[in-house]
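FYI, it's all coordinate maths here, none of it is from the lab. This is a predicted model, so every value here is computed, not measured.
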Amino acid sequence: MENDAQKIIAALGGQSQLARLLGLHRCTVYQWSKRGIPKPWRLYLEKTYPELFRNQSVVMIFVLLMHASA
């Protein structure tokens, strides 16, 4: 079962894509998927992609769409 961090990462294109978007190493984003997104980065993502955080069901819709288009 996916946690919130995994859902957000998937909705933003996966670990590699999110790492590229943020200028981070993929291993950093991998750790977020296991431990949760650190508060400063989560706040940044909430400001940058508010639609992902308005309603957690929206995150699931993005995840389903990403997997359907892959």
- Residue-wise HN-Hα coupling along region 5-12, computed from phi with Karplus coefficients 6.51, -1.76, 1.60 (Hz; x: Gly, Pro): 4, 5, 5, 5, 4, 5, 5, 9
- Task: Calculate one ³J(HN,Hα) per residue across region 27-37 by plugging θ = phi - 60° into the Karplus curve 6.51 cos²θ - 1.76 cosθ + 1.60, and present them in order as whole Hz with x for glycine and proline.
- Result: 4, 5, 5, 4, 4, 4, 5, 8, 10, x, 7
- Query: Using only the Cα atoms of region 1-52, what do you get for the radius of gyration and for Dmax, in Å?
  - Reply: 9.8, 28
